[in-house]
1. Taking the Cβ of S48 as the centre, find all other residues whose Cβ is under 10 Å away and add up their charges (Lys, Arg: +1; Asp, Glu: -1).
2. Taking a probe of 1.4 Å, how large is the accessible area per residue of the chain, in Å²?
3. Could you pull out which residues in segment 2-20 have an amide N less than 11 Å from a spot 7 Å beyond the Cα of Q33, following the Cα-Cβ vector?
4. Based on Cβ point charges of +1 for Lys and Arg and -1 for Asp and Glu, what charge dipole magnitude is obtained for the chain about its Cα centre, in debye rounded to the nearest 20?
5. How many percent of the accessible area of the chain is carbon or sulfur, using a 1.4 Å probe?
6. Quick one: net charge of V21's neighbours, Cβ under 13 Å, K/R +1, D/E -1?
7. Please give the contour-minus-distance gain from D58 to E22: 0.36 nm per residue of separation, less the Cα-Cα distance, rounded to one decimal in nm.
8. Looking at the chain as a GNM with Cα springs under 10 Å, which of T36, T51, T11 has the largest mean-square fluctuation?
Amino acid sequence: MKIGDKVSWDTSQGRTRGRIVEKKTKDFQLAKQKFTASEDSPKYVVQSDKTGAKAAHDPSALRVLKG
């Protein structure tokens with residue numbers, strides 16, 4: 001996975017689509033939530049196509065979309 005990839009992920013409202021906008025390898029805060037990240041266990045910041053909202057996810061929570 002890399003920045004710019006189109007991905008989808010699950011939310012409480014159903015499956016959402018967007019893009020990877022950042023790869024985090026150090027601990028960080030997003031929307032008042034703290035996340036732990038490292039080189040071995042990165043987090044990806046994604047931006048929703050529908051709302052523009054950003055969220056952070058483990059790679060396992062994201063599905064890369066073709067096209």
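The values are calculated or read from the model by the stated rules, or taken from the named source; none is laboratory data. Remember, predicted model here, so these are calculated numbers, not experimental data. Because the Cβ atoms are built from the backbone with ideal geometry, glycine has one as well, and the counts that use them run over all protein chains shown. For the accessible areas, the whole protein counts, side chains as well, though only heavy atoms, and no ligand, DNA or RNA atoms are used. Shrake-Rupley method; radii C 1.70, N 1.55, O 1.52, S 1.80 Å.
1. Within the 10 Å Cβ shell, the charges total +3.
2. On the way: 4820 Å² over 67 residues.
Accessible surface, normalised per residue, equals 72 Å².
3. Answer for segment 2-20: 11-12.
4. 260
5. On the way: 2210 of 4820 Å².
Result for the chain: 46 percent of the exposed heavy-atom area is carbon or sulfur.
6. On the way: positive: K2, K6, R19, K23, K24, K43, K54; negative: D5, E22, D49.
Around V21, the charge tally is +4.
7. Details: separation 36, 0.36 × 36 = 12.96 nm, distance 1.21 nm.
Using 0.36 nm per residue and subtracting the Cα-Cα distance, I get 11.7 nm.
8. The residue that fluctuates most here is T11.
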